[in-house]
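Student: Below is a structure I'd like to ask you about.
The values are calculated or read from the model by the stated rules, or taken from the named source; none is laboratory data. Computed from a predicted structure; not experimentally measured. Every residue, glycine among them, receives a Cβ derived from its backbone with ideal geometry; neighbour counts consider all protein chains shown. Remember, those area values only see protein heavy atoms, side chains included, never the ligands or the DNA or RNA. Shrake-Rupley method; radii C 1.70, N 1.55, O 1.52, S 1.80 Å.
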Amino acid sequence: MLRSLVGSEMCIETEVGGAEISPKHANFIINTGSASATDITELMAKIISTVKKQYGVELQPEVRTLGDVK
């Protein structure tokens, strides 16, 4: 179901900086080699916001962020 919510048919950025949504599993964010923690959290926020706006579903992150992310 997540792939259909976060699929390529959505109008969503699939990458921010060096972070991108995995083409194999939409629940994974891949560091292509240059992603910062900020890139990853910004991409997560965009995914959550877009899914909420388009489908009314509020995704909850399964990871915990430690430290300051700017």
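Student: Identify all residues within region 21-46 that are farther than 21 Å from Gly67 by Cβ and open to solvent by less than 50 Å² (accessible area, probe 1.4 Å); write none if there are none.
Tutor: Matches in region 21-46: Ile21, Ser22, Ala26.
Student: When region 22-42 is examined, which residues are found to be at pLDDT below 90 and of a type in the set (A, V, I, L, M)? First the steps, then the outcome.
Tutor: Filtering region 22-42 for residues at pLDDT below 90 gives 22-28.
The one that is at pLDDT below 90 and of a type in the set (A, V, I, L, M): Ala26.
Student: When you look at Leu66, is it under 11 Å from the mean Cα position of the chain (by Cα), modelled with pLDDT under 90 and not β-branched (Val, Ile, Thr), yes or no?
Tutor: Numbers: under 11 Å from the mean Cα position of the chain (by Cα): no; modelled with pLDDT under 90: yes; not β-branched (Val, Ile, Thr): yes.
In short, no.
Student: I'd like the residue in region 1-21 that is among the charged types (D, E, K, R) and in a loop (DSSP other than H, G, I, E, B) and, out of all such residues, is modelled with the lowest pLDDT. Spell out how you get there, then give the answer.
Tutor: Taking region 1-21 and keeping what is among the charged types (D, E, K, R), we get 3, 9, 13, 15, 20.
Among the residues that remain, those that are also in a loop (DSSP other than H, G, I, E, B) are: 9, 13.
Details: Glu9: 52, Glu13: 65.
Only one residue tops the list, namely Glu9.
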